[in-house]
Amino acid sequence: MKTYDFIIVGSGIAGLSYALRACRHGRVAILTKREAENANTAWAQGGIACVQSPEDSFDRHVADTLDAGAGLCPESVVRTIVSEGPAAIDELIQWGVAFDHRENGAGEDELDLGREGGHTKRRILHSKDTTGREIETKLLAAVRAAENIDLYERHFAIDLITTRKLAFASSVRCVGIYALNEESGEVLTFRSDRVVLCTGGSGRVYLYTTNPKVATGDGVAMAWRAGAEIANMEFVQFHPTCLYHHEVKSFLITEAMRGEGARLVDREGRDFVKDYDPRGSLAPRDIVARAIDREIKRTGSPCVYLDITHQPKEFIAERFPNIYETCLRLGIDAATDPIPVVPAAHYQCGGVRTDVNGATSLPGLWAVGEVACTGLHGANRLASNSLLEGVVVSRRALDDALHRAPLDRPTEALVLPEWESGDVTDVDELVVIYHNWDEIRRLMWDYVSIVRTTKRLQRAATRLQNLRREVQEFYWNFRVTTELLELRNLVEVATLIVDCAARRRESRGLHYTLDYPETDDRAWKKDTVLSRF
Ligand code: SIN
């Protein structure tokens with residue numbers, strides 16, 4: 001059994017920033033299921049929203065967030081996270097993160113602030129169009145150089161260990177975690193009084209997504225099995241502009257392009273989003289994604305187009321080098337050709353229910369970043385607020401952990417039961433796992449995506465029930481592998497999304513159902529909370 005002061009699962013902005021601060025207080029383990037840089041954070045293009053300009057204010061950022069969140073964001077949570085943003089940005093800069101600057105016209109250097117949908121001011125700090133990669137690289141380098149941090153790559157966290165199973169324990173809490181060492185096939189037992197989930201989201205539950213392969217909802221699934229409350233899983237954000245191309249899937253075309261004047265147009269070049277909202281292409285994402293979905297269904301066209309051809313080629317290539325080069329390789333010159341795009345699953349606004357300090361309903365367990373639901377995003381996340389949430393709440397979560405479980409109090413000498421494999425064999429036919437994986441992703445796309453109905457949700461629930469049974473059988477009968485564990489989590493998370501969506505009998509933010517097209521503030525201005533015990 002390996003004992004640590006802090007155990008962090010996940011290696012994106014939330015986990016790495018937590019680790020960099022926690023290692024000043026005690027020994028830290030980071031468990032991450034693939035190579036550490038393989039995190040959702042590294043794929044973030046647009047940037048990190050934070051009030052930086054004298055023309056902007058915390059009040060405005062709060063108001064924009066509340067407006068996007070469609071009535072479900074607690075204002076105190078939003079205000080706390082927004083107003084602690086500048087200090088967190090300073091920390092990122094100290095860890096080596098370089099944000100783009102520009103000359104302000106008076107010979108002075110200032111941060112180059114971008115704009116995205118739903119923001120009434122320019123407040124997006126960025127590093128070209130690869131902001132996430134810059135943050136991931138610099139934080140990871142600092143973590144690798146730190147003395148008190150053990151980084152366990154290719155270690156898949158299987159399940160949280162709670163005292164529920166230890167006969168002598170008085171109160172229910174999280175005391176550790178089981179993790180599969182992918183290389184040796186051995187399952188290790190990790191013990192800590194401070195376990196922090198920073199595992200990101202679950203975009204891979206859908207057929208089309210902007211997320212990397214690692215986004216399989218592991219944290220939410222684990223927390224649910226351990227008995228923590230889960231909230232608002234129906235609010236899945238679909239990004240309006242994922243590249244539509246047969247070769248390259250899951251490639252995001254950042255909203256920052258629309259911030260620089262790009263417009264969504266149909267095949268004839270008509271700015272159709274204005275038919276749905278006077279703000280046009282810069283309306284909040286739920287509105288824009290729904291407008292595209294309707295347009296695609298109405299016209300039978302496979303995609304719509306993002307047109308930035310009004311900007312000079314030099315500007316596009318300098319400000320969006322990653323997108324420009326990628327498109328060019330595929331034969332699309334963004335300076336002259338509109339880019340074909342479709343909506344795709346992008347961000348999980350719900351998750352493990354926490355307070356603004358990342359504390360979950362299960363003592364000993366914190367959750368930070370996309371895996372968590374602090375309420376900041378309400379029913380629809382404002383673009384680029386998520387990296388901000390990750391880096392601000394990770395600091396608060398550490399303070400909270402040190403307060404609730406002070407390090408000078410000796411760690412209780414619990415003997416945790418070893419992982420029992422039982423009488424299992426190796427998975428005989430991987431094809432069955434891949435088939436189930438595909439089935440889940442397709443059924444979620446067909447029945448539980450941008451526009452929902454009660455009947456489609458019921459169909460999805462029935463199919464998921466069967467798949468769940470089958471996956472459980474695999475889990476008990478075969479030796480665990482990363483593929484099998486991801487499938488187990490995927491089916492769990494898909495079920496939670498469907499369950500939340502079926503409960504909400506109204507349309508709000510990202511949840512739109514044809515059977516209840518109106519928002520019902522009287523009955524539904526509240527979170528959807530699920531709890532297992
Ligand atoms: C984007 O660059 O459009 C994504 C930003 C975000 O989802 O916050």
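The values are calculated or read from the model by the stated rules, or taken from the named source; none is laboratory data. Predicted, not measured: the structure shown is a model, and the values here were computed from it. No Cβ is skipped: glycine too gets one built from the backbone with ideal geometry, and neighbour counts run over all protein chains shown.
Check the stretch 158-170 and report whether any residue there is touching a residue at least 60 places away in the same chain (Cβ under 8 Å), of a type in the set (F, W, Y) and on the phi < 0 side of the Ramachandran plot.
No, the stretch 158-170 contains no residue that is touching a residue at least 60 places away in the same chain (Cβ under 8 Å), of a type in the set (F, W, Y) and on the phi < 0 side of the Ramachandran plot.
Between R503, R441, R479, R508, which is at pLDDT below 95, out of contact with any strand residue (DSSP E or B) (no Cβ under 6 Å at 6 or more places or on another chain) and not small (G, A, S)?
Answer to the check: R479.
Within the stretch 157-173, does at least one residue satisfy the condition of being acidic (D, E), buried (at least 16 other Cβ atoms within 10 Å of the Cβ) and in a loop (DSSP other than H, G, I, E, B)?
No.
Does at least one position in the stretch 231-254 carry a residue that is surrounded by fewer than 22 Cβ atoms within 10 Å (Cβ to Cβ) and within 14 Å of V493 (Cβ to Cβ)?
no
Mind listing just one residue for me: the one in the stretch 280-305 that is among the basic types (K, R) and surrounded by fewer than 15 Cβ atoms within 10 Å (Cβ to Cβ) and, of those, farthest from I253 (Cα to Cα)? Working first, answer last.
First, the residues of the stretch 280-305 that are among the basic types (K, R): 285, 290, 294, 297-298.
Add one more test, that the residue is surrounded by fewer than 15 Cβ atoms within 10 Å (Cβ to Cβ), and what stays is 297-298.
Details: K297: 21, R298: 23 Å.
Restricting to residues being among the basic types (K, R) and surrounded by fewer than 15 Cβ atoms within 10 Å (Cβ to Cβ), the top hit is R298.
Pairs needed: first member in the stretch 33-46, of a type outside the set (D, E); second member anywhere, away from the ligand (no atom under 15 Å from the Cβ) and at pLDDT below 95; C-beta distance under 7 Å; at least 6 residues apart or different chains.
K33/T482
Can you tell me which residue within the stretch 255-268, out of those that are part of a loop (DSSP other than H, G, I, E, B) and surrounded by fewer than 24 Cβ atoms within 10 Å (Cβ to Cβ), is farthest from the ligand (Cβ to nearest atom)?
Checked the stretch 255-268; the qualifying residue farthest from the ligand (Cβ to nearest atom) is E268.
Which ones in the stretch 121-156 are of a type in the set (D, E) and part of a helix (DSSP H, G or I)?
Those that are of a type in the set (D, E) and part of a helix (DSSP H, G or I): E134, E136.
Given the residues V78, V28, which is the only one that is at pLDDT 95 or above and within 16 Å of the ligand (Cβ to nearest atom)?
V78
Can you find a residue that is within 16 Å of the ligand (Cβ to nearest atom), at pLDDT 95 or above and either β-branched (V, I, T) or surrounded by fewer than 24 Cβ atoms within 10 Å (Cβ to Cβ) (or both) anywhere in the stretch 2-9?
Let us first name the residues in the stretch 2-9 that are within 16 Å of the ligand (Cβ to nearest atom), namely none.
No: zero hits.
What number of residues within the stretch 393-430 satisfy the criterion of being over 15 Å from the mean Cα position of the chain (by Cα), surrounded by 11 or more Cβ atoms within 10 Å (Cβ to Cβ) and of a type in the set (V, I, T)?
Of the residues in the stretch 393-430, 3 are over 15 Å from the mean Cα position of the chain (by Cα), surrounded by 11 or more Cβ atoms within 10 Å (Cβ to Cβ) and of a type in the set (V, I, T).
Evaluate the following for A98: is it modelled with pLDDT of 95 or more, assigned to a loop (DSSP other than H, G, I, E, B) and more than 16 Å from the ligand (Cβ to nearest atom)?
Yes; evaluated as a whole, the condition is true for this residue.
Please tell me if R468 is in contact (Cβ under 8 Å) with a residue 12 or more places away in the chain, surrounded by 16 or more Cβ atoms within 10 Å (Cβ to Cβ) and part of a helix (DSSP H, G or I). Reasoning before the result, please.
Numbers: in contact (Cβ under 8 Å) with a residue 12 or more places away in the chain: yes; surrounded by 16 or more Cβ atoms within 10 Å (Cβ to Cβ): yes; part of a helix (DSSP H, G or I): yes.
Criteria met by R468.
Of Y305, Y347, Y324, which residue is within 14 Å of the ligand (Cβ to nearest atom) and of a type in the set (S, T, Y)? Steps first, please.
Numbers: Y305 fails: within 14 Å of the ligand (Cβ to nearest atom); Y324 fails: within 14 Å of the ligand (Cβ to nearest atom).
Result of the check over Y305, Y347, Y324: Y347.
Residues checked against (1) of a type in the set (S, T, N, Q); (2) more than 27 Å from L31 (Cβ to Cβ):
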{"position": "E429", "(1), (2)": "no, yes"}
{"position": "Y434", "(1), (2)": "no, no"}
{"position": "L457", "(1), (2)": "no, yes"}
{"position": "N477", "(1), (2)": "yes, no"}
{"position": "K526", "(1), (2)": "no, yes"}
